[in-house]
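Below you'll find the structure, written out as structure tokens, and then a few comments.
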């Protein structure tokens, strides 16, 4: 098949992808690969089409083939790592695989500023997803040294500052971002969260984020105090019978958001939905009095209300959060809760 024909097919496939038709793009890639099984442009097109269609494993396999064909081409390492990190959602194993690929590709990008920026930004994104915000800031420092005004890098930096409770730095980062990119909804959303923490009115910021991206930032669902407490009591009543006796020495309370003192204890996000404090029952020593002090489960109402997109979803999330924290009381760790669908 002549190169001109390939160029026409690629153009058609790119048009199909732009129109959201991944199946047509994939058919074109497969047509090209029937004639040239190792054509890298066709394989790249195939990987992108699979990714667009949500076929993660097929896309990964195709990038693996590209890396075999061109082992010294950093583009395929970065493309596969990008796929793993950005499409992994909450799959820590996939994100960690992406980080491993970035490590493997370091030697290939040496001396190329553009690739260095891409690699460090992707590394920071992965580290933020894994909750390693301190190391994420190190990678972001490198990326922002290359491109100080890149909006995604600024967003990731603001998030890392926010999650580390470095709120003044987070505010400066998001104010700069909002000034340079006034249509960036995440900047306004986080400025609202930061205003809330300072006791200021967050509504103008949240409303701006909603106006810019209503699907991402729908108005928060709100329950008055009585209705929220009732939802908590209903969640407690729905607990398994074997768990209920252990609540006799456990207080369940509701706060708007985690306080600065909460965050100083470490290990929790300002956006956390609930937290358990105390000794799990399976770790209590019969001779250690402090192990038997009253435990506490705290639910954070504002965070829960922002997390949900409807009243029914909020009620369900309250139920899940209560069950999750009671699981910690009973001695279940995060992996065990994840396996039970209570993450």
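The values are calculated or read from the model by the stated rules, or taken from the named source; none is laboratory data. Here the structure is a predicted model, which is why all the values come from computation and not from measurement. Every residue, glycine among them, receives a Cβ derived from its backbone with ideal geometry; neighbour counts consider all protein chains shown.
In a residue-by-residue description of segment 106-114, the property of being in a helix (DSSP H, G or I), farther than 27 Å from residue 71 by Cα and in contact (Cβ under 8 Å) with a residue 12 or more places away in the chain applies to no position. Only one of the listed residues (15, 24, 82, 90) is modelled with pLDDT under 95, out of contact with any strand residue (DSSP E or B) (no Cβ under 7 Å at 6 or more places or on another chain) and within 23 Å of residue 130 (Cα to Cα). That residue is 90. Scanning segment 123-147 for residues that are in contact (Cβ under 8 Å) with a residue 24 or more places away in the chain, under 16 Å from the mean Cα position of the chain (by Cα) and not in a helix (DSSP H, G or I) returns a single hit, 131.
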